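Right, one structure below, let's go through it.
The values are calculated or read from the model by the stated rules, or taken from the named source; none is laboratory data. Since this is a predicted model, take the numbers as computed values, not measurements. Every residue, glycine as well, gets a Cβ built from its backbone with ideal geometry; the counts of neighbours run over all protein chains shown. All accessible areas refer to the heavy atoms of the entire protein, side chains included, with ligands and DNA or RNA removed. Shrake-Rupley method; radii C 1.70, N 1.55, O 1.52, S 1.80 Å.
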Amino acid sequence: MVKFLVVLLLLPLFCLVSTSSPAGSRWPVFTKKRQRHSDGRMLRQVGTAAKMIDRRRMLAAHNRWRAMLGIAALKWSAPLEKKARAWAGTLKAENGCRMKHSGPGENLFWASPLKVTTRRGGRVLRVENRVQDISEDEAVAGWGNERQWYSYDDNGCRAPAGKSCGHYTQMVWRDSIEVGCAMDICPDSSQIWVCNYAPAGNVVGRRPY
């Protein structure tokens with residue numbers, strides 16, 4: 001039984017004075033190697049219920065990126081978590097789990113379902129979707145790794161086609177002091193992660209720190 005290639009997508013947020021996404025922006029693509037079905041570390045049968053994230057781990061993952069720059073740590077916000085959970089639920093229930101921003105100060109992360117094929121004697125018996133076991137650290141690293149393309153000197157983003165810097169700059173935005181995050185599992189076993197930040201960052205013409 002072999003896992004298919006997995007695709008993770010990040011939807012960039014660029015908050016303007018009012019918020020919008022850059023024209024022509026695309027989503028980064030990540031793949032995981034094929035692994036045996038018996039490797040339970042990559043599989044989690046969660047059904048379609050929301051998974052509770054580890055708040056401390058999510059917050060610590062954010063603050064490691066901020067600490068690299070000597071920026072004050074974020075604090076966890078229950079109201080922002082509630083907002084994130086509500087929006088994740090809305091995307092699941094009303095938007096077919098397609099990514100769409102609710103407003104400024106928001107990072108989104110989407111992971112596809114993991115397709116697992118069961119074979120016997122070379123014959124395919126069953127193909128099923130499973131929920132990927134994505135950790136808080138992995139979701140945040142997906143945003144933070146955009147750091148490699150951000151240039152502080154001219155406050156520009158030198159990301160290759162299909163990439164962006166907006167997730168990273170929001171995470172390390174100096175004036176953002178609170179964060180709250182949530183995630184939900186979609187009917188097809190894909191998953192949506194939402195983080196909201198306050199005050200919102202990515203204001204045009206300003207450096208993040």
For segment 92-146 the number of residues that are at pLDDT 90 or above, aliphatic (A, V, I, L, M) and closer than 18 Å to CYS181 by Cβ is 7
Filter segment 66-86 for residues that are open to solvent by less than 50 Å² (accessible area, probe 1.4 Å) and part of a helix (DSSP H, G or I); the one that is nearest to ASN202 (Cα to Cα) is ARG66
Of ASP133, ASP184, ASP188, the only residue that is of a type in the set (Asp, Glu), in contact with a Leu (Cβ under 7 Å, 6 or more places away or on another chain) and under 25 Å from ASN95 (Cα atoms) is ASP133
Filter segment 39-65 for residues that are open to solvent by less than 60 Å² (accessible area, probe 1.4 Å) and at pLDDT 95 or above; the one that is nearest to SER189 (Cα to Cα) is MET58
Cβ pairs under 8 Å, 6+ apart or interchain, first in segment 101-114 and over 11 Å from ALA200 (Cα atoms), second part of a strand (DSSP E or B) and open to solvent by 40 Å² or more (accessible area, probe 1.4 Å), ordered by first then second residue, are HIS101/THR19; SER112/VAL7; PRO113/ASN129; PRO113/ARG130; LEU114/ASN129; LEU114/ARG130
For segment 137-158, pairs from a residue that is over 22 Å from ASN63 (Cβ atoms) to a residue that is open to solvent by 50 Å² or more (accessible area, probe 1.4 Å), with Cβ under 7 Å and 6 or more apart or across chains, are SER151/ARG158; ASN155/ARG207; CYS157/TRP149; ARG158/TRP149
Selection over segment 166-207 where residues are without any contact (Cβ under 8 Å) to a residue 60 or more places away in the chain, part of a loop (DSSP other than H, G, I, E, B) and at negative phi yields a count of 4
For GLY103, are the conditions met, namely being out of contact with any Gly (no Cβ under 8 Å at 6 or more places or on another chain), open to solvent by 20 Å² or more (accessible area, probe 1.4 Å) and not aliphatic (A, V, I, L, M)? no
Checked CYS195, CYS186, CYS181, CYS165 against criteria (more than 20 Å from MET52 (Cβ to Cβ), within 18 Å of the chain's Cα centre (by Cα) and open to solvent by less than 50 Å² (accessible area, probe 1.4 Å)); the one match is CYS165
